[in-house]
1. Students often get this wrong: which residues of the stretch 388-432 have the backbone nitrogen under 18 Å from the point 7 angstrom along Cα-to-C-beta of Glu332?
2. Hey, for a label at Arg534 modelled as a point 7 Å past Cα toward Cβ, could you say which residues of the stretch 512-527 have their backbone N under 17 Å away?
3. In the stretch 384-477, what GluC sites (Glu not before Pro) fall in a loop by DSSP, with at most 12 other Cβ atoms inside 10 Å?
4. Once label points are set 7 Å from the Cα along Cα→Cβ at both Val427 and Leu124, what is their separation, rounded to one decimal in nm?
5. Ordered by residue, what ³J(HN,Hα) values in Hz, to whole numbers, does the stretch 356-369 give under the Karplus form 6.51 cos²θ - 1.76 cosθ + 1.60, where θ = phi - 60° and Gly and Pro are x?
6. Once you sort the root eigenvalues of the Cα gyration tensor of the stretch 212-339 as a ≥ b ≥ c, which label holds: rounded (a/c under 1.5), prolate (a/b larger than b/c) or oblate (the other case)?
7. Whole Å is fine, so just give me how far the alpha carbon centre of the stretch 80-125 lies from that of the stretch 330-361.
8. Compare the peptides 404-414, 603-613 by average per-residue count of other Cβ atoms within 10 angstrom and give them in order, highest first.
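None of the figures in this text is laboratory data; all of them are computed from the coordinates on show. These figures come from a predicted structure and were not determined experimentally. Don't worry about glycine lacking a Cβ; one is built from the backbone with ideal geometry, like all the others, and counts go over all protein chains shown.
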Amino acid sequence: MNAPCTAPFMTRAHRIGVRARFIGLTLATLAPALAWTAPARAQGIDVTGSIDANEIELGDTVTYVLQATSTTSEAPSDPRLTPPAAFTVVDTGSSPTHMVSIINGQRTDKHGLTATWRLSAGRLGTFTIGPGSVAFGGSRRNGPTARVTVVPPGQGKPKPRRPGRQPFDPFGGSPFDPFGGGSPFDPFKGLFPGTDDDSAAQDPFGGVSADPKLALDAPRAPIAFLHATIDKTRAVVGEQVTLNVYLYEDIRARQGRPSDVHEATATDFVKRSLVQDETRAVHVGNAMVGGRPWAVKLVRKNALFPIKTGRLTISPMSLTLSQARVGLRESETLFVDVSEPPVANRPAGYQIGDTGDFSLSASTTPRNIDQHGAVGVTVELRGSGNMPAKLPTPEIAGVEWLEPQTRDSLGPVSNDKFGGTRTFSYVVLIHKEGAVDLGEIRLPYFDPQTRKYEIARTSLGIVQVAKVDKPDAGPEVAETPLPDLPKPRAALEGKQSETFLTEWPVYWGALFGSPLACVSMIALGGAVRRARERRANAAPSPERIARDRRNEAESALKGDDGKATIAAIARAVEAEILASTGVNIRGTSGDGAVRELADAGVSETTAKSAMQILSECEGARFSPGGVTMDTAHSLWKRAKEAMGAVATHSSKRASLQPTDSAPPSSRRSSE
C-alpha cells in the first residue's frame with residue numbers, strides 16, 4: 001500500500017535527492033529484487049483520497065482528490081462523491097491514464113484515474129467528506145474519508161501551496177516518473193519511505209480560491225466586464241441603498257488600467273461614497289464565472305439616498321481598459337421602487353427623508369448672561385442614514401436663534417452604512433430677563449431597520465439672564481475708510497510718448513461723426529414734427545370740449561338725478577368760459593376769477609353772474625336735502641344765458657383787437 005495522506009511533507013528537491021542516492025547505491029545489487037518486487041507491489045487495485053486543507057473559512061472551498069490505480073485488466077472508471085449537506089459542488093473533473101513499463105524484459109500495464117471535486121462550505125462545524133468511489137468492472141471500490149473544519153471568516157489558516165517546478169530538476173520529478181507531479185505509475189512509488197507525494201493533492205485551479213458570493217453563471221463580456229449590484233430593490237424616501245460596482249477580469253488574460261471612466265448617475269438620489277479612495281480598484285477576491293476563475297475588484301461602493309417616490313433609475317457605470325485592448329464596458333442599469341414611510345403613527349414635525357438611526361446631544365455656554373446678550377448652543381447629531389441638513393429649534397418668546405454654522409465628519413461606518421456626526425453651532429440672543437428655559441430640540445425620524453418612527457431629543461437647559469437697561473448708542477458716525485490713503489493721480493508721471501493726429505479718437509469722431517450727426521438731426525427734426533402733429537390731432541380743442549360738456553348737461557337734464565345734473569351744468573359752464581376766454585377758472589377764488597374774466601373782455605356783471613351760477617351749483621351738489629330737477633332746470637336756463645353773454649363779450653373784444661394779435665382763447669389753444 002502507498003503511504004497515507006498524513007505522511008510528512010517533503011519538497012520535490014529533497015525527494016529527488018533521496019531517490020537518486022538510493023538508486024545510485026543499490027541499482028546494481030537490487031535489480032533482480034526490483035524486477036520481482038515492482039510487479040508484486042503493482043498487483044491488484046489501489047484507491048487513495050485526500051483534501052487540500054483540513055480547516056477552511058465559511059464560504060471558502062476545499063478540493064477532494066481521488067486517485068485509483070490498477071494493474072489488472074479492469075481500468076478504473078465512473079468516479080463518484082456524495083458531498084455533505086453543508087457543502088455544494090462548485091466544479092469537478094477527472095482524467096484517466098494508462099502506462100506501460102518494461103523492467104528486465106517484463107511488461108506491466110498500469111491503469112489510473114484521478115478525479116477532483118471542489119466543494120464550497122455553507123455552514124460552520126466539522127464535517128466528513130467522502131468516501132469517494134470508482135468502478136472496477138462490475139464492482140466499486142471506496143477511497144478514504146477526510147474531515148474538514150469550517151470556521152468563521154477571518155479565523156482560518158491559509159492554505160498550503162505546493163511548490164512549483166524547481167529550476168534544478170530537469171525532469172520535473174523522478175527520472176522514472178515521465179508525467180511528473182507524483183504519477184500513479186511511478187515504479188519506485190512506495191519503495192523508499194518519505195519519498196511519495198500522495199498527500200499533496202493536485203489543485204486543478206492553480207491555488208485560486210473562489211468566493212461563491214461573487215460567482216456568476218456566465219461572463220457579461222470577454223476578458224473583463226463590469227457588474228453592478230444593490231442591496232435592496234425597495235426602499236422608502238431617505239433610506240440607504242448600497243450600490244457596488246465590480247470589475248471582473250479573466251485571470252489568464254492581460255489586465256489593464258481603467259481609463260475614460262464615467263460614473264453611474266443617480267439623479268433622483270443623494271450619492272455618498274463608502275470608500276476612502278475611488279481612484280484605486282480594490283481586489284476583493286476571485287469568483288467562478290461560467291466554470292472559470294476570474295479576479296474581482298471593487299471599483300465603486302456608494303450609499304444612495306432616494307429623494308422622491310416612484311421607480312427610480314440608476315444609470316450604468318462605464319470604463320475602458322486600453323492596455324488590455326478592451327473596449328467600452330458598462331454595468332447594468334438598476335431600478336429601485338421608492339415609497340413614503342407609513343402614515344400610521346407618524347409623529348408631528350416629521351420631515352419626509354429624515355430616515356436612519358440618529359441621536360442628539362447638546363451643550364449651552366455660558367449659563368449666566370446679561371439681558372440682550374447671547375449664548376452659544378452646540379448640538380451634535382450622530383448616527384447613520386440620511387443626515388438632516390437642519391434641525392427644528394424651539395420657538396420661545398424673547399429668544400432669537402441665528403443661523404447655525406455646520407461642521408461634518410461623515411463617511412462609511414459599520415456594516416457599510418454612511419453616517420458619522422454633524423455639528424450645529426448656534427448663537428442664541430435672549431432679550432428677556434430671569435431664568436429662561438431654552439426647551440429641547442427634537443428630531444422625529446423613521447428607522448428603516450425597525451420600520452418604526454423614533455424621536456431623538458436633547459435638552460438645552462436653563463440660562464440665568466440679568467436685567468440690564470440698554471443705553472442709547474447715539475447717532476452712528478460714518479468712518480472714513482483708509483484715511484491715510486493718498487489721493488488718486490490725475491496724470492501719469494514721466495515723459496509721455498509721442499502721438500499722431502490719426503491716433504486721436506477726436507479725429508476719427510469728427511471725420512465720421514459730422515455726416516452721421518447731420519443725418520441724425522434731420523431724422524430727429526422729422527420725428528419731432530410728426531410727434532407734434534400727432535399730438536395736435538389727438539388733443540381735442542376747447543371748443544369741442546365745451547360742446548361735449550353742453551351735450552352732457554342736456555342729457556343729464558333728461559334724467560332724475562339732480563346732483564349729477566348740477567355737476568354736469570357746472571362742468572359745461574367752466575368749459576364754455578375756457579373755450580370763449582381762454583381762462584381756466586377751476587380752483588380760482590370768486591374775486592380772482594371775476595378779475596381774470598374782466599381782463600379777458602367779459603363784463604363784470606356777466607362775470608359775476610357766471611360765478612354766481614357756479615357757486616349755486618357747488619352748494620346744491622353738497623346740499624343735505626338733495627337737488628330737485630326743477631332747480632336743475634332753472635340753473636341750466638340761467639347758465640345758458642350766462643354762457644351766451646360770455647361768448648358775446650369775448651367776440652366783441654376779439655373784433656376790436658389788431659389783426660396781428662390773437663385773442664386769449666386762440667392764444668391759449670395754440671399753446
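1. Hits in the stretch 388-432 for Glu332 at 18 Å: none.
2. Answer for the stretch 512-527: 523-527.
3. Working: sites: Glu395, Glu400, Glu433, Glu440, Glu454, Glu476; in loops: Glu395, Glu433, Glu476.
Listed in order of number, the matching sites are Glu395, Glu476.
4. 5.6 nm
5. Each residue of the stretch 356-369 in turn: x, 9, 10, 9, 10, 9, 9, 9, 10, 9, x, 9, 10, 9 Hz.
6. prolate
7. Using only Cα atoms, the two centres lie 55 Å from each other.
8. Details: 404-414: 12.7, 603-613: 18.5.
Result, highest mean first: 603-613, 404-414.
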